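Reviewing the structure listed below.
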Amino acid sequence: MFFEATTNLEQGTVYIIKMVLDCGTTVYKIGITTRAVEDRLAELVIDMFKKIRYIPRTSLKRFSKSSNYRHVELELLEMFKEHKYEWYRTFGGCNEFICGIEEELLLEEYDKRMKV
C-alpha cells in the first residue's frame, strides 16, 4: 500500500545504510531524519561505538527527501519485518535494522516508494 503525500507537511529524508559486520553478515538500517543525512549517519555510528564498542564497515546506499517519509519508512519496515536484525545491546536506531535479504530487492522497493 502506498500513501499519498499531503500538502504543507515537513520534508524528511528516508535513508538506507548498509553495514558489513566482521562476521560477514550484512545488515541494513532503514531510517528517517529531518536533519542532514550525513549528521544522522555520524550520530548512528558514534552511538554504536559508545554502546557496543564497534564500528562496522558502513555505506549510505540511498537517501531522498519526501513529505511522506514516515509512511515510507514504516511500509519498508513492515515489508521486511521477518528479516529484523537484533543487536545484542541497544543504541539509538537499533530497532530498524534488517538482514538476510537481497540488496537489489530492498533498493528496488525503496525506489518504488520514493517515486510516489
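The values are calculated or read from the model by the stated rules, or taken from the named source; none is laboratory data. None of these values were measured; they are calculated from a predicted model. Reconstructed Cβ throughout: ideal geometry from the backbone, glycine too, with neighbour counts over all protein chains shown.
Is there a residue in region 98-106 that is surrounded by 15 or more Cβ atoms within 10 Å (Cβ to Cβ) and small (G, A, S)?
Pass one, region 98-106, residues surrounded by 15 or more Cβ atoms within 10 Å (Cβ to Cβ): 98-99, 101, 106.
Among the residues that remain, those that are also small (G, A, S) are: none.
Scanning region 98-106 turns up no residue that is surrounded by 15 or more Cβ atoms within 10 Å (Cβ to Cβ) and small (G, A, S).
Hey, does region 27-35 have a residue that's loosely packed, with under 11 Cβ neighbours inside 10 Å and either of a type in the set (A, V, I, L, M, F, W, C) or within 22 Å of R113 (Cβ to Cβ) (or both)? Spell out how you get there, then give the answer.
Kept after step one, since they are loosely packed, with under 11 Cβ neighbours inside 10 Å, are these residues of region 27-35: 35.
Next, only the ones that are either of a type in the set (A, V, I, L, M, F, W, C) or within 22 Å of R113 (Cβ to Cβ) (or both) stay: 35.
Among the residues of region 27-35, at least one is loosely packed, with under 11 Cβ neighbours inside 10 Å and either of a type in the set (A, V, I, L, M, F, W, C) or within 22 Å of R113 (Cβ to Cβ) (or both), which makes the answer yes.
If you scan region 59-116, which residues turn out to be touching a residue at least 40 places away in the same chain (Cβ under 8 Å), part of a loop (DSSP other than H, G, I, E, B) and either of a type in the set (D, E, K, R) or closer than 19 Å to A36 by Cα (or both)?
Once the filter is applied, which keeps residues that are touching a residue at least 40 places away in the same chain (Cβ under 8 Å), part of a loop (DSSP other than H, G, I, E, B) and either of a type in the set (D, E, K, R) or closer than 19 Å to A36 by Cα (or both), region 59-116 yields S67, N68, G92, G93.
I'd like to verify a number: residues in region 36-87 that are surrounded by 14 or more Cβ atoms within 10 Å (Cβ to Cβ) and acidic (D, E), how many?
4
Restricting attention to region 1-51, which residues are modelled with pLDDT under 95 and either among the small types (G, A, S) or closer than 19 Å to M79 by Cβ (or both)?
M1, F2, F3, E4, A5
Restricting to region 85-116, and then to whatever is among the aromatic types (F, W, Y) and modelled with pLDDT under 95, can you tell me which residue is farthest from K51 (Cα to Cα)?
Looking at the filtered set, the residue picked out is Y88.
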